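Enquirer: First, the structure itself, so that you have it in front of you.
The values are calculated or read from the model by the stated rules, or taken from the named source; none is laboratory data. Being a predicted model, the structure only gives us computed values, none of them experimental. As a convention, Cβ positions derive from the backbone with ideal geometry for all residues, glycine included, and neighbour counts pool all protein chains shown.
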Amino acid sequence: MCLPLSKLAVFFIWIMMTVAASAQEELLFSARATGETNGRIALLTVRNSGTSSATVPERSFYVPGTPKRQALLLRYPPTTIPAGQSREIPATGYCIDVHKSAYKQNEELPPNSSWIAASPQGPSYFEPFLRDGLPQEKAPATIATLPDSSIPIHSRADGFPPEVKANLFVTALDRIERTVDTPGIIRQTVTPYAGEEERKLLVQQTLWAFAASARGITYGEAEFSEQLAEQVKAAGGNPSEPETEKQTADIWDAVKLV
């Protein structure tokens, strides 16, 4: 007896979904922190317990925070893992909540089942979640707006569904990185850093400022100065020195430029 084409199609789709789910179950993930707040922030260990090689695709994820640790945005490159073997995959990214501590070196991250896959989106994706009193006026420069838009989202992000919130921060990171990488932007900034370290600093500080405003949390020049002073103290320096104070002002001016 032959099945109708419609039933054959459903049966075929069911088989493909089953195979894909089985392949995913054969990849066992764990992740630990490097102790960095940006750049190479985590190291993934992925084991392929299946009987054939499997490829981990390139992805971006939002890793929810804990009561003590910051939420993270991380991404990793595509990696093929032979059957029965493990691979360590470096993950790069940034922290989101400046008022919480970063993960310590070798500290385990939350299980990957809690991670939310995310990708950059346009303003129209987010607007339906702002229709209850969607502001029409342009936002002040100190208030977060939807990326590529003048629509304010100050204090709104925590009310978004988890996947929308994840996409918001990944979209913001994408726009910030593209702005920092625009020819001439780095040359307009004056910080005590250079090259990739300066780039990471500007991206991280701008992302912290955006995320804080989007969630209704204060993070301005005063909070930035306090945080940088603690870093200088930890490194054995004196944050009250005129040179250090000037560097602090220069870095914040660079963040505002981005």
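Enquirer: Return the total of residues in the range 74-97 being hydrophobic (A, V, I, L, M, F, W, C) and surrounded by fewer than 17 Cβ atoms within 10 Å (Cβ to Cβ).
Expert: Residues flagged as hydrophobic (A, V, I, L, M, F, W, C) and surrounded by fewer than 17 Cβ atoms within 10 Å (Cβ to Cβ) within the range 74-97 amount to 1.
Enquirer: If you go through the range 76-84 one residue at a time, do you hit one that is among the small types (Gly, Ala, Ser), at positive phi and either assigned by TED's automatic domain parsing to the domain that holds Ala157 or out of contact with any Lys or Arg (no Cβ under 6 Å at 6 or more places or on another chain) (or both)?
Expert: Yes, some residue in the range 76-84 is among the small types (Gly, Ala, Ser), at positive phi and either assigned by TED's automatic domain parsing to the domain that holds Ala157 or out of contact with any Lys or Arg (no Cβ under 6 Å at 6 or more places or on another chain) (or both).
Enquirer: Something else now. Filter the range 160-202 down to the residues that are among the aliphatic types (A, V, I, L, M), surrounded by 17 or more Cβ atoms within 10 Å (Cβ to Cβ) and modelled with pLDDT under 90 and list them by number.
Expert: Selection gives Val180, Ile186, Leu201, Leu202.
Enquirer: Sticking with this one: Hey, among the residues in the range 34-76 that are over 16 Å from the mean Cα position of the chain (by Cα) and of a type in the set (D, E, K, R), which one's modelled with the highest pLDDT?
Expert: By that ranking, first place goes to Arg47.
Enquirer: Among the residues in the range 27-40, are any assigned to a loop (DSSP other than H, G, I, E, B), free of Cβ contacts under 8 Å to residues at least 40 places away in the same chain and touching a Ser or Thr at 6+ places or on another chain (Cβ under 8 Å)?
Expert: Within the range 27-40 (the criterion being assigned to a loop (DSSP other than H, G, I, E, B), free of Cβ contacts under 8 Å to residues at least 40 places away in the same chain and touching a Ser or Thr at 6+ places or on another chain (Cβ under 8 Å)), the answer is no, since none of the residues qualifies.
Enquirer: Sticking with this structure for a sec: Within the range 131-139, identify whether any single residue is assigned by TED's automatic domain parsing to the domain that holds Glu223, part of a helix (DSSP H, G or I) and either modelled with pLDDT of 95 or more or among the acidic types (Asp, Glu) (or both), and answer yes or no.
Expert: Here is the first cut: in the range 131-139, the residues assigned by TED's automatic domain parsing to the domain that holds Glu223 are 131-139.
Narrowing further to those that are part of a helix (DSSP H, G or I): none.
No.
Enquirer: Cβ contacts < 7 Å: first residue in contact (Cβ under 8 Å) with a residue 24 or more places away in the chain, restricted to the range 110-125; second residue among the charged types (D, E, K, R), any location; separation 6+ or different chain. Result?
Expert: If the second residue must be among the charged types (D, E, K, R), the pairs left are Ile116/Glu163; Ala117/Arg59; Pro120/Asp174; Gly122/Asp148; Pro123/Asp148.
Enquirer: Looking only at the range 203-235, which residues are more than 15 Å from Ala172 (Cβ to Cβ), modelled with pLDDT of 75 or more and part of a loop (DSSP other than H, G, I, E, B)?
Expert: Selection gives Gly216, Thr218, Gly220.
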